[in-house]
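The values are calculated or read from the model by the stated rules, or taken from the named source; none is laboratory data. Source: prediction; values computed, not measured. Glycine gets a Cβ as well: all are built from the backbone with ideal geometry, and neighbour counts include every protein chain shown.
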């Protein structure tokens, strides 16, 4: 069974030749990021992913996490791998240097995160949730909370969690019932139960820092009455050492379709006197603060989709090269060939490859915008980049994860019947990928957020500005004499028209016909993702064209880039007009059918 190999050449292409490294190098604090340093970081991360995390992926899946009397044991090798992970400084890569982080830009850490997720998603979930908790405390916590928790969370000595949902609430956070009673000493006593808590209990670290949503007495009903609290597994004493066990108990862990080695906990707070918690920020603003974690997590989940897509593609490609079956269509030679020679297998492989490369480049576009929104010296530019980030977060989360599920499914298809057998490893990628479309908000929730908060609310200004940037690439394509680029220009231009028509429909109809617009929200999300991915593939094709014209020594690499972009145009961008028609006219039956007629 093959191990994961980081796609370093494509990552370097995205950073260096699509220009994202140059873009962030211009930001304050990023000038030291020369190519050699970045190449070394990615290279060492690739070695760790290949040599340490990937070998644990299958064994972790088969063994899983184990619960006993409130304690959770991770799979064999997990603790040792985690110690090597934090020992290498990987947990602190993009964190604030004030508390021990390395302060690298998000565009670098996103690619490193892709490696962790491609090699071993179950492992990568732990540092991902910790980073979300770190960001919430950094931005909203008091000085005391920061100095108590951040250094050890950034180092990875302690981990963090997000505690949002409850049995009766699930995605409806307005229904949260956990309560927080003031104790009179500046702390609160937390009572309630939380479910679906990733790494809510484990044996990797001595302490776990839970960020918990709960209601204080007299809080307003609904989402406006929710507060956010830091609730550690063990109380922290004045000298920073660990004190008594807090009143937090792991009641069970879930038995899941995939990510078996990642413990998903049910946590009970306040079985006795109440779990001691500290307020983050102000009362009744908890959901606002938690969205800091949630937005960071949504982007990170999108990166999980990229990593899983890459891993499924690598496994399917290896199998297609070694599996000998059938004769080649149209060839005179009738000997058996590897299945990579069969047209439909080639189509599926190119579908996997092109979508993964498009997702990677698009994710780096958003990551670089995140860096600019945080660091750029011009406030107007920061605001512009933040608008792009907010527009694209639901696209990255929704489209990258949906693509990951489909790519993993194609990987099984390429394996044939052997893909349905666990020993080949292809099935695990599909099982693991399936959760990514669900947590941190389902695809439908991402799509509703996109059309309502990100497009209708600003009358399509942010997406209109992005559309104009995409159109500039079309104009560059049509001014070449390369027939491949002209075909890409044709499909991208038509796809942009379909996207613009859909945006116009959303902006004009959302206020008066919100249900009709919402019926096409997910198809619109898919449309937007396809077009944005096509924009990135077109940019890649332009770079490849220039390199081929210049006689680059990497002819095979750039020829592959050009043809992969052509495939994306032929097979993905070609879907845009049909999806646009669904957005514009697909609501009638959805809204008119009676509940009893289903």
Only one of 542, 579, 573 is closer than 19 Å to residue 469 by Cα and surrounded by 24 or more Cβ atoms within 10 Å (Cβ to Cβ). Can you tell me which?
573
I'm trying to understand the selection: among the residues of segment 210-227, which are in a helix (DSSP H, G or I), out of contact with any helix residue (DSSP H, G or I) (no Cβ under 6 Å at 6 or more places or on another chain) and either free of Cβ contacts under 8 Å to residues at least 60 places away in the same chain or buried (at least 17 other Cβ atoms within 10 Å of the Cβ) (or both)?
225
Regarding residue 433, is this residue in a helix (DSSP H, G or I), in contact (Cβ under 8 Å) with a residue 24 or more places away in the chain, in contact with a helix residue (DSSP H, G or I) (Cβ under 6 Å, 6 or more places away or on another chain) and more than 30 Å from residue 118 (Cα to Cα)?
no
Quick check on segment 269-280. Is at least one of its residues out of contact with any helix residue (DSSP H, G or I) (no Cβ under 7 Å at 6 or more places or on another chain), outside the structural domain of residue 248 (by TED's automatic domain parsing) and surrounded by fewer than 22 Cβ atoms within 10 Å (Cβ to Cβ)?
no
Residue 166 vs. criteria over 30 Å from residue 87 (Cβ atoms) and not in a helix (DSSP H, G or I)
yes
Answer yes or no as to whether residue 565 is under 15 Å from residue 361 (Cβ atoms) and touching a residue at least 40 places away in the same chain (Cβ under 8 Å).
yes
How do the pairs read when you match residues in segment 451-476 that are touching a residue at least 24 places away in the same chain (Cβ under 8 Å) and on the phi > 0 side of the Ramachandran plot with residues anywhere that are assigned to a helix (DSSP H, G or I) and surrounded by fewer than 15 Cβ atoms within 10 Å (Cβ to Cβ), using Cβ under 8 Å and keeping only pairs 6 or more apart or on different chains?
460/504
Hey, residue 504 free of Cβ contacts under 8 Å to residues at least 12 places away in the same chain and exposed (fewer than 15 other Cβ atoms within 10 Å of the Cβ) or not
no
For segment 303-318, indicate whether the set of residues that are within 25 Å of the chain's Cα centre (by Cα), more than 30 Å from residue 371 (Cβ to Cβ), in the same structural domain as residue 204 (by TED's automatic domain parsing) and at pLDDT 95 or above is non-empty.
no
Result of the Cβ filter at 8 Å on segment 584-597, keeping first residues that are not assigned by TED's automatic domain parsing to the domain that holds residue 514 and surrounded by 11 or more Cβ atoms within 10 Å (Cβ to Cβ) and partners that are outside any helix (DSSP H, G or I) and at pLDDT below 95, at least 6 apart or interchain, is none
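Where in segment 6-54 are there helices (runs of 4 or more DSSP H), lying fully within it, with 3 or more residues that are at pLDDT 95 or above and closer than 22 Å to residue 124 by Cβ? Before you say what the answer is, go through the steps one by one.
Numbers: elements: 8-12, 20-25, 35-48.
In segment 6-54, 8-12, 35-48 are the helices (runs of 4 or more DSSP H) which contain 3 or more residues that are at pLDDT 95 or above and closer than 22 Å to residue 124 by Cβ.
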Considering every residue within segment 141-149, establish whether at least one is assigned by TED's automatic domain parsing to the domain that holds residue 237, farther than 28 Å from residue 62 by Cα, assigned to a helix (DSSP H, G or I) and without any contact (Cβ under 8 Å) to a residue 12 or more places away in the chain.
no
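Would you pick out the residues in segment 171-192 that are part of a loop (DSSP other than H, G, I, E, B) and touching a residue at least 24 places away in the same chain (Cβ under 8 Å)? So that I can check it myself, show each step before the final result.
Of segment 171-192, the ones part of a loop (DSSP other than H, G, I, E, B) are 171-172, 176-178, 183-187.
Residues satisfying the conditions are 171, 176, 177, 178, 183, 186, 187.
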Here is a list of conditions, (1) under 30 Å from residue 165 (Cα atoms); (2) in contact (Cβ under 8 Å) with a residue 40 or more places away in the chain, and residue 427 meets all of them except one; can you say which number that is?
(2)
Checked segment 456-473 for anything surrounded by fewer than 19 Cβ atoms within 10 Å (Cβ to Cβ) and over 20 Å from residue 521 (Cβ atoms); matches are 465, 468, 469, 471, 472
Residue 214 more than 23 Å from residue 283 (Cα to Cα) and either touching a strand residue (DSSP E or B) at 6+ places or on another chain (Cβ under 6 Å) or outside the structural domain of residue 166 (by TED's automatic domain parsing) (or both)
no
Just one of the numbered conditions (1) assigned to a helix (DSSP H, G or I); (2) more than 26 Å from the chain's Cα centre (by Cα); (3) in contact (Cβ under 8 Å) with a residue 60 or more places away in the chain; (4) surrounded by fewer than 22 Cβ atoms within 10 Å (Cβ to Cβ) is not true of residue 485; which one?
(4)
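Kindly indicate which of 438, 430 is surrounded by fewer than 20 Cβ atoms within 10 Å (Cβ to Cβ), under 20 Å from the mean Cα position of the chain (by Cα) and at negative phi.
Values: 430 fails: surrounded by fewer than 20 Cβ atoms within 10 Å (Cβ to Cβ).
Going through 438, 430 in turn, the sole match is 438.
For every residue, the table says whether it meets (1) outside any helix (DSSP H, G or I); (2) under 24 Å from residue 579 (Cβ atoms); (3) within 20 Å of the chain's Cα centre (by Cα).
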{"site": "399", "(1), (2), (3)": "no, yes, yes"}
{"site": "415", "(1), (2), (3)": "no, no, no"}
{"site": "474", "(1), (2), (3)": "no, yes, no"}
{"site": "477", "(1), (2), (3)": "no, yes, no"}
{"site": "491", "(1), (2), (3)": "no, yes, no"}
Residue under evaluation residue 449, criteria (1) surrounded by fewer than 20 Cβ atoms within 10 Å (Cβ to Cβ); (2) in the same structural domain as residue 521 (by TED's automatic domain parsing), criterion not met
(1)
Looking at the structure I just gave you, is residue 81 part of a loop (DSSP other than H, G, I, E, B), farther than 30 Å from residue 31 by Cα and either without any contact (Cβ under 8 Å) to a residue 40 or more places away in the chain or more than 20 Å from the chain's Cα centre (by Cα) (or both)?
no
